[in-house]
Amino acid sequence: MKVREIAKLLNGELVGNAELDVNKIAKIEDAGPGCVAFLANPKYIKYLATTQASCLIVSRDQTLEGMMRPEIAFVIVADARVAFGWMMQHLNPLPEFFKQSTAVHPMAVVDPTATLGIGVSIGAYCVISANVRIGDATVVMPGVKIATGTKLGARCVVYPNVVILNDCTIGDRVILQSGCVIGTDGFGFSRNADGSYNKLPHGGTVVIEDDVEIGSNSTIARSALGATRIEKGCKLDCHVHIAHHCNIGENTVFAAQVGVSGSTQIGKRCQFGGQSGVAGHVVVADDMIIGAHAGVMKSFVEPHTTVSGFPARNHVAALRGQANMMKAAAQFHEIKQLRAELETLKKQISEKFSPRK
């Protein structure tokens, strides 16, 4: 496509040759002729002098005076990172995996009571059970299992070997990456007097709202009663576990290996760092940032709070605590050295002033 088409698509200001052809997306440091790249982080300005990109998407607040090269077309937008995301969707749409001549692969098993929308694609070795409903233009790749009564919205992408268990509800434009499991039983048991356990039935469900993405090998457990709910716009990385009866607020994002215990309520637009965890029956307020490896052991009701450490506490307090621990370690070694010197002095004094025989 032409650079002028990119500028129009992104509603950006064009500086440079509008007729340059662009056919590939690349990083600014690796881009060659015919590539479009973006510049949002000031740390990457150093590559502006050497990049071979034909087009750069830059943020309006970037200071590039005297650095713009005439052989590169610049598209100036409000937020280069957001605009580049739109470009990636336009130039690299989701590929048509496992193209097939029929909507349902002959090696798929689809129950006669299942309802498939217009343009649905079902890959080989899929099992679509009774009373399943799949919305228009949804792609279900090979090896997927969808159990009885589940509803899957329009324009979803379900990658290979996903398992969606019975009576789950999944909205529109949801992406389920390979190997994730939706609707497994929650971890619920009652303990007997002799220490053995009885499994509690989980008759609830999972509701995943529109525009959610769930990463590979993540698990969303169904509730015993009611629903485990992932609200619209949430993005979950790989190996995330959401326990039974949790509610994850809209546009919340989880990095890899986050774990959320049962009956926890997570607010809207929260950000969870990798390997952070939340105890059960806890409330996390809106717009919170949970640092990597943090352990949230109590409720936080004040929005726009950043916490870190274990147990999680205000991030500034956590940093001070870490600094104090480092100081304490240094002081410990200093005290140990002083004690050794004191023992040496005591020994010398004792030898000098002890009565002679």
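With a point put 7 Å past each Cα toward its Cβ, work out how far K298 is from K346 in nm, to one decimal.
Placing both labels 7 Å beyond Cα along the Cβ direction yields 4.2 nm.
How far, in degrees from 0 to 90, does helix 315-353 lean away from the longest principal axis of the Cα atoms of the chain, to the nearest 10?
Tilt of helix 315-353: around 20 degrees.
Cα convex hull of the stretch 104-150: mean projected area in nm², to one decimal?
On the way: hull surface 10.3 nm².
For the Cα atoms of the stretch 104-150, the hull's average projected area reads 2.6 nm².
Give a quick list of GluC sites (Glu not before Pro) in the stretch 1-61 that DSSP marks as loop, anything other than H, G, I, E or B, with at most 14 other Cβ atoms within 10 Å. Intermediate results must be reported in sequence, preceding the final value.
Details: sites: E5, E13, E19, E29; in loops: E19, E29.
Passing sites in the stretch 1-61 are E19, E29.
If you take the Cα Rg of the stretch 201-296 and divide it by 2.2 N^0.38 Å, with N the number of residues, what do you get?
Numbers: Rg = 11.7 Å, N = 96, 2.2 N^0.38 = 12.5 Å.
Expressed relative to 2.2 N^0.38 Å, the Cα Rg reads 0.94.
Taking R0 as 22 Å, what FRET efficiency do you get between S178 and M1 from their Cβ-Cβ distance, rounded to the nearest 0.05? Numbers along the way, then the final one.
Values: r = 31 Å, r/R0 = 1.40.
Computed FRET efficiency for S178 and M1: 0.10.
What does DSSP give for the chain in terms of the percent of beta bridges that are antiparallel, rounded to the nearest 5? It would help to have the intermediate numbers written out before the result.
On the way: 9 of 77 bridges.
Percentage antiparallel, nearest 5: 10.
Please give the calculated 222 nm ellipticity per residue for the chain, where each DSSP H segment of at least 4 residues contributes -39500 (n - 2.57) and the sum is spread over every residue; nearest 500 deg cm²/dmol? Write out the running numbers ahead of the final one.
Details: 3 runs with 59 residues, N = 357.
Taking each H run of at least 4 residues, the total per residue is -5500 deg cm²/dmol.
Quick one: what do you get for the stretch 3-91 if you divide its Cα Rg by 2.2 N^0.38 Å? Can you show the working numbers first?
Values: Rg = 11.2 Å, N = 89, 2.2 N^0.38 = 12.1 Å.
Output field value: 0.93.
With a ≥ b ≥ c the root eigenvalues of the C-alpha gyration tensor of the chain, is it rounded (a/c under 1.5), prolate (a/b larger than b/c) or oblate?
Verdict is oblate for the chain.
Using only Cα atoms and rounding to the nearest 10 degrees, what angle (0 to 90) does helix 80-91 make with the longest principal axis of the chain?
For helix 80-91, the angle is close to 40 degrees.
Computed from the coordinates by the stated procedures, all read-outs in this text should not be read as laboratory data. The model shown is predicted, which means the values in this text are computed figures rather than measured ones. A quick note on method: Cβ atoms are made from the backbone with ideal geometry, for glycine too, and the neighbour counts reach across all protein chains shown.
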